[in-house]
Every structure is written in structure tokens, then in C-alpha cells.
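Quick notes on the structure that follows.
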Amino acid sequence: MLGRRLPPPPDLLIALKDLPPPPANPFYERLNTVLDEAGFEPFVEDLCRPYYADGFGRPGVPPGVYFRMLFFGYFEGLGSQRAIAWHCADGRSAQAFLGLPPHKATPDHSSLTKIRLRLPDSVHEQVFVFVLKLAEDNGLLPGKTVGVDSTLLEANGAMKTIVRRDSGDDWKGYLRQLAAEAGLDNPSDEDLRRFDRQRKDKKVSNDEWTSPSDPDSRIAKMKDGTTHLAYKAEHVVDLQTELVLAAVVYPADQPDSATLLTSVVTAQVYLMEAESGTSVAELAAAGEAAVGELTVLEEAAADKGYHKAETLADCAAAGVRTYIPEARRPQERVWTDKPAAWERAYRNNRRRVGGSRSKRLQKLRSEKVERTFAHVCETGGGRRSWLRGLLKVGKRYLMQVAGHNLGIIMRRVFGKGTPRGLQGVRPVVLTWLRGWWRTRRHVAASGSATRGREICGSVTGYIFLATRDVAENLTFSTG
């Protein structure tokens, strides 16, 4: 019989026990299991308790729900808070991942904004360190060599809204002033656009222009050749486990050579706090014995954009060996007016770069560090920032990178690092079976029985082992 869709009666009451269970998502179920076993909920509640009033007002959104929604945004490739809130409200499996009952609504995007403003950056950093500690508990032990690279994030601002720092004039007012100096009286908007296209040596400097809506953003040239307001995100990646040990957001006009040591030191602090379970201040108070058994970063590989004699000397003074290739120069360097430590660090770095180890590290850096940018910025939705301000963008981006590290942990314990990775399991198995069947038909047509038994036996064994590994790594719920 054809069913008809009827509006529910206004006084319909359904008991919670009579509601059907939410659709099971094996990835998020396993991720919740990993987080619950590590004590994520009590950790973030104790961490955020000082920033909430005790006994006043209605209970707010649990901190665990807030951070889970940010992780959900990374895994689903959602860049804005509105998109995260809408998808969580639409998906029952997302609601089950957040731990909310069916009769309770998911938090709105404005709630995410209020929580982010309430919680300082130190809380977000401690959650990032918790994920690093979780990675170590699951056997992902970072080494002593890191790769460093940076990328640009598009800011939430338009180039047509920039104004002059000295006079406050916008772009149209600036063009009218130039047109008046060129002898063009009372130009129309079309005349201004034509005049702007015909101008030569058009340059926009951060020293002269700023964005009134996002003063922390800077004018920068993106990888696709376009010019946007942007920020710079720098990753410090462990070349052994591919974990991102630090992700620091800087203004886009900061050169790479000026931020290298800051990012490496930040990664060292996070790594020490993750291994010891205490803050760096408490470790310093405990003495050298407490720090002796912790992992200390000793080597850093970067591209030639990070090469600077002063930066090399600072890294050498901090105990970090650098593998940074040197850009070609038209003439030799002059060291008579520079400290001796600069020349010594420069020549030591040049000697290391010429070795075979430097070539291996550069291959690993270009492979693994660029992969983190692809996961976080492209598929993770972090390339375009929908927030304004260096502090706000830094909080949001750090949680994006924490989601990336969670994906590496899930790939180790579950076999898949993202929920979308589950979509390729069945097609892969069918491809194996289809190839085995074609091979069998080809051998049968050739008439070689001995060769047929060898090929079919090896292919069948391969399919059996691969299918068994998939079945062990994935546990689908029959609900």
C-alpha cells in the first residue's frame, strides 16, 4: 500500500526509549571510544572550569561538545562555524558523536563564537597538547627531526575595503587623488577604472594600506597569483610520525627566516608538556633531571626561504642543527662586519646541506609537510579563514591541526583517518575480485594449467589477506 506523509499531531508524545537509534557512523563511534578512554571529557571540563561562574546562570554548552564540533568541522571539510552548526543539526550521527540526546538541539554557531571568546588561547593549546599525548599513548612516538614550512591563509576581508594608513582614504578616493594629479577633472567611476588599468608600477604596500575590518591581516600574493588579505600559518612536522608538533599563525608579511626559531621552540614546548604531563614552568622548577629523559628536537629541515645567517646562528645557539639550502647569490658574502657566530653557523649549515642526509630530509620534508597543508587547508577547510583577528584565527587553526593529528591516530588504531575514507573500502574489494576474475579467465583461455594455479592461488591469497585486514580494521554496526 502506498504510504502518505501526514503532518504529526500537535500533542504527539514519544518516549525516548521508543525513538529509533541514530544511524551508526563507525568512524565517529571509534573516535568517541578513543577520546573517552583517554579521559577527554573530564580533562577539558577541569581545564575550562575557571572561566565559568560557579552556581550562577544556566549550564552552558559542555566544553567537550565545543571541541568535538571543531574536530567534526575538520573531518567533514567545513571551514565556517555556521556550516559546522548546520551539519551537526542536520545529521543524527553527528549528534550522537557530540553526545547529545535526541530531544536536545545542537549548539548554534553563535554559541561557538561565545565559547571561543570566553576560552583563552592557552586552553586551546592544552587541548592540542592533549592530542599529542594521546598520539604517544597509541605508539606514535615523535623523533628528534622536524620539517618546517609555511602557507598563506586567506583572511576574512576584501581588498576593495582597504584604506590608507595616513589619511584613511579608501581605494576610490586614492584613485581620485591620483587622477587629479594627472589632470583628470571630475572622473566618473568608469573613468577611474580605466585610469587604474592604464597605470604602471601598481603596488600596494602593507606600510601604507590596512584593512579596517581585520587590521591583523596583511596584503599578500597567494600561490595562484592573486592578491588577498592573508595570514601565514607555519607547521612544524615530525618527519617520523607526520604529526604536526606546532602550528603557529603569523601576519602574512612576516618572513620565514624571522619565524623559524619561534615555531621550533613552540613545538619543543608542546612536545615536552605532552611527554611529561606538566607545564614547562613546572619542569624548569623540577630541575634538569626531569627534563633529561624528554625528547629534544635536534634537527630542522626547511626550504631556502628560511636561509638567513642570523637565523642559522640563533638555531645553532638553541642547539638545533639546520638543513636549509642556500639561495644563489651573485657575489660572495662579506663577514668582516658580522659576528663570528654567524659565519660559523652559515658554514656548518652549508657543509650539512651538501651531504646525503640533507637530501633525504629534504625529500621527507617536501612530502610530509606539504601533505599536512593538503589535509588541513584543502580537504580540512582551513584555507579560508572566516574569523578576524590574529588570536581568533590562531585558535581556530590550531584546532584544525589537532583534528589532523587525531586523524593520524585514527589511521593507526582504526585503519582510516577520515570518515570519508570508509567510502573506498567496498570499491577496493570489488576491484580486487574483478581483477582476480579477469586473470582467471585469461589463464583459462591460454590453456596453461600450472601457470593458472600459480596465478590464481597467489591472487586469491592476496585478496583473502587484504579482505581480512579490512575486516579487522573496520567494525560496522548492523543498526
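Under 20 °C and 1.002 mPa s, how fast does segment 114-236 diffuse according to Stokes-Einstein, given a Kirkwood radius computed over C-alpha pairs? Answer in µm²/s, whole number.
116 µm²/s
When the solvent-accessible surface of protein heavy atoms is calculated with a 1.4 angstrom probe, in what order do 384, 194 fall, highest first? If you can, show how the numbers build up before the last one.
On the way: 384 70, 194 95 Å².
Result, largest first: 194, 384.
For the cross-link pairs 133/232; 172/203; 160/395, which exceed 21 Å when the distance is taken from alpha carbon to alpha carbon?
Values: 133/232 26 Å; 172/203 15 Å; 160/395 27 Å.
Checking Cα-Cα distances, 133/232; 160/395 exceed 21 Å.
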note = Taking only the alpha carbons of segment 196-296, the radius of gyration and the largest Cα-Cα distance, Dmax, both in angstrom, are 19.7, 68
Residue 108 accessible area, 1.4 Å probe, all protein chains in place, Å² to nearest 10 = 70 Å²
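How do 171, 335 rank by accessible surface area computed with a 1.4 Å probe, from largest to smallest?
Working: 171 65, 335 35 Å².
Listed by decreasing accessible area, they come as 171, 335.
So if R0 is 51 Å, what FRET efficiency would residue 412 and residue 333 give, r being the distance between their Cβ atoms, rounded to the nearest 0.05?
Here the calculated transfer efficiency is 0.65.
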query = Residue-wise, which Karplus ³J(HN,Hα) couplings in Hz belong to segment 47-58, taking 6.51 cos²θ - 1.76 cosθ + 1.60, θ = phi - 60°, and x for glycine or proline?
reply = 5, 9, 4, x, 9, 10, 6, 8, x, 10, x, 7
ask   = Ordering 386, 86, 209 from largest to smallest accessible area (1.4 angstrom probe), what's the sequence?
value = 86, 386, 209
key: Under-5 Å amide H pairs with residue 153, H placed in peptide plane, nonlocal only   = 231, 232, 233
key: Farthest positive-ward along segment 102-146 dipole, Cα basis, beta-carbon charges - from 135, 107, 145   = 107
Per-peptide average of other Cβ atoms within 10 Å, ordering 394-400, 273-279, 375-381 highest first = 394-400, 375-381, 273-279
note = Residue by residue through segment 94-108, the couplings from Karplus 6.51 cos²θ - 1.76 cosθ + 1.60 with θ = phi - 60°, in Hz, x for Gly and Pro, are 5, 5, 5, 5, 6, x, 9, x, x, 8, 10, 6, 6, x, 7
ask   = Given just the C-alpha atoms of segment 92-149, how large is their convex hull per residue in cubic angstrom?
value = 165 Å³
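How large is the dipole of segment 140-275 about the Cα centre if only Lys and Arg carry +1 and Asp and Glu carry -1, each at its Cβ, rounded to the nearest 20 debye? List each step's numbers first, then the result.
On the way: 17 positive and 24 negative charges, 103 e Å.
Magnitude of the dipole: close to 500 debye.
Taking all protein chains in place and a 1.4 Å probe, what share, in percent, of the accessible surface of segment 72-140 do carbon and sulfur account for? Numbers along the way, then the final one.
Values: 1410 of 2890 Å².
Carbon plus sulfur share of accessible area: 49 percent.
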key: Radius of gyration and Dmax over the Cα atoms of segment 62-127, both given in Å   = 11.4, 34
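The values are calculated or read from the model by the stated rules, or taken from the named source; none is laboratory data. Since the model is a prediction, treat every value here as computed from it, not as a measurement. With ideal geometry, Cβ positions are generated from the backbone for all residues, glycine too; neighbour counts draw on all protein chains shown. Side chains included, ligands, DNA and RNA excluded: accessible areas come from the protein's heavy atoms. Shrake-Rupley method; radii C 1.70, N 1.55, O 1.52, S 1.80 Å.
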